[in-house]
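A.B. asks: If you scroll down you'll find the structure; I have some questions about it.
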Amino acid sequence: MKTPATSCPIDHAALKAGACPVSPRAAAFDPFEDAYQQDPPEYVRWAREEEPVFFSPKLGYWVITRYDDIKAVFRDNITFSPSIALEKIIPTSDEANAVLASYSYAMNRTLVNEDEPAHMARRRVLMEPFTPEALRHHEPMVRRLAREYVDRFIDDGRADLVDQMLWEVPLTVALHFLGIPEEDMDLLRQYSIAHTVNTWGRPKPEEQVRVAHAVGNFWQLAGKILDKMRKDPSGPGWMKYGIRKQADYPEVVTDSYLHSMMMAGIVAAHETTANATANALKLLLQHPSAWREICEDPSLIPNAVEECLRHNGSVPAWRRLVTRDVKIGGIDIPAGSKLLMVMASANHDQRHFEDADALDIRRDNSSDHLTFGYGSHQCMGKNLARMEMQIFLEELSRRLPHMRLCEQTFTYLPNTSFRGPEHLWVEWDPLQNPERRNRALLAHALPVRIGEPSAHAASRSVVVESVTRLTDDILRLRLKSPDGRALPRWMPGAHIDVECGHPDVSRQYSLCGDPDDAQTLEIAVLRDPHSRGGSGWIHDNVRPGDRLKIRGPRNHFRFDESARRAIFIAGGIGITPIIAMARRARALGIDYELHYSGRSRRSMACLDELSALHGDRLRIYAGDEGRRADYAALLASPADGTRIYACGPTRLLEALEHCCAAWPEDALRIEHFHATRGSLDPAKERAFEVELKDSGIVVQVPPDQTLLAALRGANIDVQSDCGEGLCGSCEVRVLAGRIDHRDVVLTRAERDANNKMMACCSRAACGRLVLEL
Ligand code: HEM
Ligand code: FES
């Protein structure tokens, strides 16, 4: 492997003067600046938008800022080794290193910085204490602690939540989880901050020696605690569990691992969660309407936790080492390079999250955030952290719904990867404490949700502002928020799910209004003659003033604004997403044409509006006038830089796929609303088994279960969104076995390659698949 780059990796000698491609903004990037700490996604907005992968000469790292690029890096832990995750990001002075050596400091591989195959073998052996059943045992302890700490300041009217609760409770929980006695808590608190500064910070030379002493002491204390535990490794706690497992797997759970993990584990379990909760509370109190909503309806808390982790998470960036020459986001990155993945930026990437900068506690893909990392190293403690955060938010919102942020300046410890305010001052009127009037309130407790929030929790109420008949069979619904507040913003191609009279019956409808209108969402609903409760229910029941439940907006049909030319093709009601897209193309000055076909003009929605806006760029093909579109001729010759967006009946879309066979793979973009196959019919499906190569587990998939559900049942995380083969988020890599593809995401060539599948719907065409998981 080449030596890692520590300064500009471009050979300046070979360049003309001043031609270094490191842009001035890349050269100025400095994650130890306060601006990064105050708001990491804002600090790199320019990069996310214009230079998503750049080299930072100040840091000696390549910085990655977009969602898809970061996820791809997390996904491949062979090309992108995690071995540098705990390395000092800025090398310290010889003097500081000598201090560390004097304490025999030897922090080494734990889990988070371990390569394969050692990592997965170890993770598997140590997983059990993180299973949902095991985590449930900690719930009463977390709740008891949260209540005790709130008791201490509830009558004061003012508190620094970090100092008085959020630092110590997660530390105590972490110590319990690890099985460490509480007696050393104060010392551990100082030491763990030193470890953060030592690893992810840039201490000044004079500070380095002090930090090194603290880190050295931390290391020795960790060793002493470990020795104590070894004498009696019985009883609860993850570290004791590790010591017991060492007896059976000495090569997997090594001494070096145990000592390093004793130290790193405290930070992993403590600071991450303490900071995440402080960030979440700060964010919610800065958005009083969101705070009020969770006070009034605590069932929103699991989703609010997830949205806060997305919007303002506590681990803004993480590192990987590149092990072979590779391209990321189209940029060549040589082997030996170091990567800083700014997950906080990915979590604000408009390409993945609609209206990404808005805090939306009803967002239904919040849990796609990358704050816990992704892939085989994804945070093992995420469900413990989620549980703690839910309990803290629940206790505080129930007992102090009237608290507000004090005027204050927020300060942060300058470092790349652990972020949370050092103090969080809040105030309230103790005379208004609800428990003074109603003591019964103290005993309330909501059942904690272990794992990701359910999609149902994310639904939002809207009021039907108007219902307009566009054609005999099509209604236009304008929806607004019940309290007049702005609705989430969206981009052309987005859709919402509308609950049709029953929580289990929902249908997807493209948004066809104006994305700049934040007050209303507009959909057009065609009555499906075979409807069983969906569009038929809307047509028969929905009236102005009614309330509806919706989820989203989300977008699997994004419009590429950088395209030079666009061809829009709509059949029938498929015009709805195209309406917003064509309007956008027009506004951006993109060269476009719009082809719209239907049975008759009478049956086609919005013709007048479209004609007025698009003039002769609009071609109308009404079947009863004998006008048919000749797509074979229109698409006969592939054109560079042209994108085709199509939505309509399956027949039309299949014909277009055929016509575009000679076009580049991604030129044709299709909006599918319905998976091509229906739900699982256990009478027709066959059971199969999957071997998970990385984790060495074999999972059985019975006929009545999807692969995704079976994997989740085995505690393996796979992201998902639509659950119907439409969005591509549940993709898993397949190493062996034939796949029965049932999604509508993969291209023909991708299906034929037989090396990836959508876990939510596709199955095995043989008895056994081997997956890279
Ligand atoms: C790994 C974040 C809480 C234990 C990680 C990683 C991140 C992370 C970013 C690296 C993921 C990767 O490389 O793909 C967080 C955040 C937390 C949190 C934001 C709180 C909000 C916890 C807790 C524990 C924990 C409470 C409990 C012990 C671990 C472990 C790993 C890990 C053991 C290593 C997993 C592996 O490499 O296989 N965490 N963490 N974390 N976390 Fe957490
Ligand atoms: Fe959307 Fe599987 S979750 S394709």
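The values are calculated or read from the model by the stated rules, or taken from the named source; none is laboratory data. Treat the numbers as computed from the prediction; the structure is a model and nothing was measured. Methodologically, a virtual Cβ is constructed for each residue, glycine included, from the backbone with ideal geometry; neighbour enumeration extends over all protein chains shown. Heads up: the accessible areas ignore ligands, DNA and RNA and are worked out on the full protein's heavy atoms, side chains in. Shrake-Rupley method; radii C 1.70, N 1.55, O 1.52, S 1.80 Å.
A.B. asks: Would you mind putting 72-79, 354-361, 575-582 in packing order, based on average other-beta-carbon counts within 10 Å, highest first?
C.D. replies: 575-582, 354-361, 72-79
A.B. asks: Rg and Dmax of region 361-503 over Cα atoms: what are they, in angstrom?
C.D. replies: For region 361-503, the Cα-based Rg and Dmax read 20.9, 63 Å.
A.B. asks: Report the convex hull volume per residue for region 222-345, counting only C-alpha atoms, in Å³.
C.D. replies: Output value, Cα hull per residue: 179 Å³.
A.B. asks: Given 693/756; 245/693; 327/382; 231/693; 71/549, which pairs have Cα atoms separated by over 25 Å?
C.D. replies: As for pairs spanning more than 25 Å Cα to Cα, those are 327/382; 231/693; 71/549.
A.B. asks: Quote the FRET efficiency, to the nearest 0.05, computed for residue 435 versus residue 616 with a Förster distance R0 of 60 Å and r equal to the Cβ-Cβ distance.
C.D. replies: Calculated value: 0.30.
A.B. asks: Got a sec? Charge dipole of the chain, +1 on Cβ for Lys and Arg, -1 for Asp and Glu; which of 377, 173, 702 is way out at the positive end?
C.D. replies: It is 702, whose Cα lies furthest towards the positive end.
A.B. asks: Follow-up. Considering the alpha-carbon set of region 94-443 alone, what are its Rg and its Dmax in angstrom?
C.D. replies: Over region 94-443's Cα set, Rg and Dmax evaluate to 20.9, 66 Å.
A.B. asks: Still on this structure, please answer the following. Do you know the relative contact order of the chain, to the nearest whole percent, from alpha carbon pairs under 8 angstrom that are 6+ apart?
C.D. replies: Result for the chain is 11 percent.
A.B. asks: Non-local amide H neighbours of residue 668 (under 5 Å, H modeled in plane, Pro and chain starts lacking H): which ones?
C.D. replies: Residues meeting the amide H criterion: 644.
A.B. asks: Report in % the part of the accessible area of the chain that belongs to carbon and sulfur, leaving out ligands and nucleic acids; probe 1.4 Å.
C.D. replies: The C+S portion of the solvent-accessible surface of the chain is 49 percent.
A.B. asks: Once the mean 1/r over all distinct Cα pairs of the chain is inverted, what Kirkwood radius in angstroms do you read off?
C.D. replies: Computed over Cα pairs of the chain, the Kirkwood hydrodynamic radius comes out at 28.4 Å.
A.B. asks: Okay, next question. Under the √(5λ) rule applied to the eigenvalues of the Cα gyration tensor, what semi-axes describe the equivalent ellipsoid of region 187-243? Give them in Å, descending.
C.D. replies: 29, 11, 7
A.B. asks: Would you please calculate the Kirkwood hydrodynamic radius of region 183-281 over all C-alpha pairs and express it in Å, rounded to one decimal?
C.D. replies: Evaluated on region 183-281, it is 14.7 Å.
A.B. asks: Still on this model: Quick one: divide the alpha-carbon radius of gyration of region 688-771 by 2.2 N^0.38 Å and tell me what you get.
C.D. replies: 0.97
A.B. asks: Here's a follow-up. Would you please give the residues with an amide H less than 5 Å from that of residue 63, counting only those at least 5 places away or on a separate chain, with H modeled from the backbone geometry?
C.D. replies: Under 5 Å from the amide H of residue 63 lie the amide H atoms of 54, 55, 56, 340, each far enough along the sequence or on another chain.
A.B. asks: Once you put a point 7 Å from the Cα of residue 289 and another 7 Å from the Cα of residue 516, both along the Cβ direction, what distance in nm separates them?
C.D. replies: Here the answer is 2.1 nm between the modelled labels.
A.B. asks: Scan around residue 592 for amide H atoms under 5 Å from its own, H built in the peptide plane at 1.01 Å from N, and keep only partners 5 or more places away or cross-chain.
C.D. replies: 566
A.B. asks: Sticking with this structure for a sec: Averaging over every viewing direction, what projected area does the convex hull of the Cα atoms of region 616-692 cover, in nm²? It would help to have the intermediate numbers written out before the result.
C.D. replies: On the way: hull surface 37.9 nm².
For region 616-692, averaging the hull's shadow over all directions gives 9.5 nm².
A.B. asks: Taking a probe of 1.4 Å, how large is the accessible area per residue of the chain, in Å²?
C.D. replies: Heavy-atom SASA per residue in the chain reads 42 Å².
A.B. asks: Stokes-Einstein at 25 °C, 0.890 mPa s, Kirkwood radius from Cα pairs: D for region 565-671 in µm² s⁻¹?
C.D. replies: Translational D for this selection: 177 µm²/s.
A.B. asks: Quick one, what does Rg over Rh come out to for region 45-165 if you take C-alpha atoms and the Kirkwood Rh?
C.D. replies: On the way: Rg = 21.4 Å, Rh = 19.6 Å.
Across region 45-165, the Cα-based Rg/Rh ratio is 1.09.
A.B. asks: Still on this structure: Which whole-number percent of Cα pairs in region 460-554 have a distance greater than 20 Å?
C.D. replies: Every Cα pair in region 460-554 considered, those over 20 Å come to 28 percent.
A.B. asks: May I pose another question? Would you please put 231-238, 516-523 in order of how densely packed they are, using the mean number of other Cβ atoms within 10 angstrom per residue and starting with the highest? Can you show the working numbers first?
C.D. replies: Working: 231-238: 13.4, 516-523: 17.5.
The most tightly packed comes first, giving 516-523, 231-238.
A.B. asks: So, in Å, what gap is there between the alpha-carbon centers of region 503-544 and region 413-469?
C.D. replies: Between the Cα centre of region 503-544 and that of region 413-469, the gap is 30 Å.
A.B. asks: Please get the size of the charge dipole for region 460-554, origin at its Cα centre, with Cβ charges of +1 on Lys and Arg and -1 on Asp and Glu, quoted in debye to the nearest 20.
C.D. replies: Once rounded to the nearest 20, the dipole reads 220 debye.
A.B. asks: Let's see if you can work this out: charge +1 on each Lys and Arg Cβ, -1 on each Asp and Glu Cβ, no other charges. What is the dipole magnitude of the chain about its Cα centre, in debye to the nearest 20?
C.D. replies: Dipole about the Cα centre, nearest 20: 1020 debye.
A.B. asks: At 25 °C and 0.890 mPa s, grab the translational diffusion coefficient of region 228-272 from Stokes-Einstein with a Kirkwood Rh over Cα pairs, rounded to a whole number in µm² per second.
C.D. replies: Here the translational diffusion coefficient equals 224 µm²/s.
A.B. asks: Okay, moving on. Antiparallel versus total DSSP beta bridges in the chain: what percent is that, nearest 5? Before the final figure, lay out each step's value.
C.D. replies: Working: 57 of 85 bridges.
Taking every DSSP beta bridge within the chain, about 65 percent pair in antiparallel fashion.
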